[in-house]
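Quick note: the coordinates plus some simple rules give every number you see, no bench work behind them. This structure is a prediction, so every number in the text was calculated from the model and none was measured. FYI the Cβ positions are ideal-geometry reconstructions off the backbone, even for glycines, and counts take in every protein chain you see.
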Amino acid sequence: MKNLLKPYWVLLTSTLPISVLLSLLMIEWQTIHTLLSPQTKVYWLAVFGVIVTILLSQSIYAGYQWFARKYVSSAYALLTLFVHLLGIIFYTTYSDEILPNNVPAWMFDGNKFIYVYTFLMPSILYALIVLIIVNTPDVTKASFLKNLGFSMAIPIGFYFFFFMIGSVYHPSHLADYMELFLWILCVTVMMSFYYFALRALYILIFNKGLVKRISPLVWKLIFALIFPLLGLSLYATLMTFGGLLGDFTNYWFFILAIINGIIVCLPRFKNPYTSLIIWILRTFSFSYTTYFFVVFLPYTPLSFLLLFTVVFGLLMLTPLALFFVHGAELLADYQSLKLYYKPYMLIVSGLVSFSIIPTIITINFLLVRNDLHSTLDYVYTPNYEKQPDISFSNIRKLATHLNKTRRVRASNFQWVPYIDSYYSWLVMDNLTLSSRKLNNLEAIFLGYPSYDTDEVELASRVSLQELKSESVYDNKSKVWKSWIHLSLKNGKTAASEYHQAFSLPTGAYITNYYLDMNGRREMGILAEKKTAKWVYQSILNERKSRDPGILHYSNFNQVELRVYPFATNELRTTGFQLIHKEPIQIKIGKYSANLGIQGKVTPIENNNFFTYIPRTEKAKLPSFSRQPYFHFILNVSDVKAFSRYNLQLANLGKKYPSLFKNAKISLTNAYVKTIDYKTNWKDELGKKNTEGGFFLQRAIQQIAYQESKNQSNSYPILLVLSDSKTSKLFTQEFLNKWSFAFPEGAEYFTMNEKNSLTRSSFLRPRTESHANLDSIIVSKKVKVWLLEGRKYFLPNDTTSSLIFKTNLLQEPYQFKQEDWQSGVWLTGQQQQLLLHPELYEESWRSCLKNSFSSNILTEMSAFLALENEAQKAVLKRKQQEVLDANANLDVSPDFDRMSEPELWLMIVIVGLLGIYRERKKIASRFFS
């Protein structure tokens, strides 16, 4: 056991964990330090000072002992225990001052402040081991029963003292120094118990003289098999009422407990080959033992406090005891196998074997990650040229797992410690999947009911009182630069929020935003949209006097403005800047503003990359009438409707034969297959898999994609055949981004089982209104722009139009601040990602960077005005997490903190301290 006294153990048990602790606390300090008072900063500096002092002194001592070839001494162990425990007492006593209530919970990861206990525990445990080894040079001369007796007597005496002192002193009568004395006494008693308990276990394991009286198989069975199974079974029973330490009810925990117990209890064999196999088996299951040791290590103080229940206290000590028993078996195996095999061979084989279980978990998580990304890619960033290859069974497993994960996070009691955190990091990139997206996946692939509906926004209680505007024409860049200033007034409701959506004309771009707060004008930060919305919502959830304002796209050419909070009758001002090529009108609520001098002629801007056609010039373009044809979208998720489709199509063919000449059919469930009506579509209908739901959005998107590629002298009338009960699945509230592909009108029609016809626009695809088929088959006129022998069909309306001639994702361009052409370029890149979503993952970061470079608002970005530097620091940190993750994942409503056991340890300790404060009443009840 002398090897445990080598100095490198100090580096492993102290330097390494404390370095991690220091880095975690530094991250939080950089975020919240601007919110801390000078007095609180002094406490933080004291914490940093203590941690840095411990880190440096431990590292220097380990280095000196290493180079001097000396062992770790008992003096080091005693000093380590004294300093670490005193630091924990100080930290616990002043925890409210270190993290005051004025720091919002969403700004930091609360677990990192609990980690002070976690990362100091290895040093404390190692110091106890050093004391045991140094003070027990000869285990044959040490008394097992005496140490066991001391370990049993200490908690009994402690509880007697704990309850009986209440009959003499009341907490309010104790001076501060007495409170501190009691803290030190409690910690000293606790450490004394662990010293004697671990020393008794040490003697039991290594005193060969005890073998004659106590068979090793007996205590191995107790610690390695009986107690672990008893603990898991008891905990599984308690999970019915809500777990406290996590969820260990998975059957694999029980299977591995049995396997591990059998492996630990295996005897040693003289055959070297057999012994090597046992070595590999023991190192394999040692990862299971180590996992529970790490999970329960922070509970070490709690196990002492629960010893009065006997069962719970002993079971919570089992992982610690099993770790030592299992470790001792491995040490004995290693010592005997060194005679036959080279040490490096044993170490390598042991490490490989130890990593088998973690590797299996990792591979399983990577497969889940791959399934998740493939599924999300198909639904949200598909390749319209390829048919996906996704297994419905894999989707079913994935949905089940994701649902369980969401329940875990909601319950705070059903997590699997560290493993679920690893899952969150490896599979989910520390982000999440919203319930809306999860419902979409289940509805599309599994045919579950869709609960996704258009969000209903409550009317804002804050009203727009005044709208002012100012416009200046820049002769150099030949664009207008306009400011819009809004005066907002609240009613009689406190803590109100202003929210308003408004439309932007084509070719108008927002380049700045401000919010007046606390007597100053705070300019908005252009940030990634998901992150900005998360920060805004987090501040909103505080319901405190913070001052965020956010401006972002909520739909194609539609911008949403939100400002919070408003006190009763408060008047606040906010505003934004636009750049635009021609005079425009902006309408916000009941107010409107004319920006630029009306009547000023704006010519068509045409170059090799795009053409911008102002509304006045578009009106002069020639008109053209294209020939309509039917493009049917059949809901094939319901096999019972197939015969009805045949009849409906036959009747329509007789009535409108001209619309069937170029007709097409898209067979749609979770997937879409498009064929010509003239082909044997009935055979294809019979072959079509009917699994999943009716993903109507994908059918419309694929048709729009083909229309944008192959504009011809004919256009489709989208006619959906489905029943009224089947949900039409849309993952987006709006489809009008695709309006450019349907210049005659962005809409579709639905014929149900009663041959009733309804109309739905791309702006509100779930909303239906009555329609008449005879009126919609009339050809509509569109405007046509002729360029180099190619026709570009444009809507016949009073809006301006943009035509993109090349893929602007691939064209080099130098983006400039508040530059109109940069805004057009960003629009072209967005349209390319709409047409080719498969490029989204590899391109969205560069597109966002271009938005930042030009300081122009896009669908990926948002302007966010924040009150203080701490909020800005959180925004920056969270934004980096989002940029590093898959674009289809969501930002959780709060920090993704898997409430590891340390948090609940503190809750239990606080509860026990409450018992201490009321000990006089408790003592009088039990001892009077």
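Among beta bridges identified by DSSP and lying wholly in segment 623-787, the antiparallel ones come to about 45 percent.
Partners of Lys876 within straight-line reach, counting aspartates and glutamates whose Cα lies under 14 Å from its Cα and excluding those fewer than 8 residues away in the same chain: Glu28, Glu528, Asp884.
Over 27 Å between C-alpha atoms is what I'm after, so list which of Lys529/Lys780; Lys655/Lys780; Lys437/Lys673 land there. With Cα atoms farther than 27 Å apart: Lys529/Lys780. For segment 788-888, the Kirkwood estimate of hydrodynamic radius, built from reciprocal distances between every pair of different alpha carbons, is 15.7 Å.
Over 5 Å intervals from 0, what percent of Cα-Cα pairs in segment 1-135 sits in each interval? Pairs per bin, as whole percents: 2, 10, 20, 21, 16, 11, 9, 6, 4, 1, 0. In summary, segment 512-563 shows an alpha-carbon radius of gyration equal to 1.16 times the 2.2 N^0.38 Å reference for compact globular proteins.
Take the Cα of Leu331, step 7 Å toward its Cβ, do the same at Glu691, and the gap between the two points is 5.4 nm. Among the listed pairs Lys530/Lys688; Lys481/Lys737; Lys220/Lys397; Lys805/Lys849; Lys728/Lys805, those whose Cα-Cα separation exceeds 28 Å are Lys530/Lys688; Lys220/Lys397; Lys728/Lys805. Measuring nothing but alpha carbons in the chain and taking Rh as the Kirkwood radius, the Rg to Rh ratio lands at 1.06.
Of all beta bridges that DSSP places with both ends in the chain, some 85 percent have antiparallel geometry.
The per residue volume of the convex hull around the alpha-carbon atoms of segment 462-598 is 111 Å³.
Overall, the ratio between the Cα radius of gyration of segment 595-678 and 2.2 N^0.38 Å, rounded to two decimals, is 1.84. For segment 663-709, the calculated P(r), taken from all Cα-Cα distances in 10 Å bins from zero up to the bin holding the longest distance, is 28, 52, 20, 0 percent.
The chymotrypsin sites (Phe, Trp or Tyr not before Pro) found in segment 754-836 include none that occupy coil by DSSP while having at most 12 further C-beta atoms within 10 Å. When all alpha carbon pairs of segment 623-787 are counted in 5 Å bins from zero, the resulting P(r) reads 2, 8, 19, 23, 22, 16, 7, 2, 1, 0 %. Using Cα centres only, tell me the gap between segment 758-809 and segment 340-395 in whole Å. Between the Cα centres of segment 758-809 and segment 340-395 lies a distance of 46 Å.
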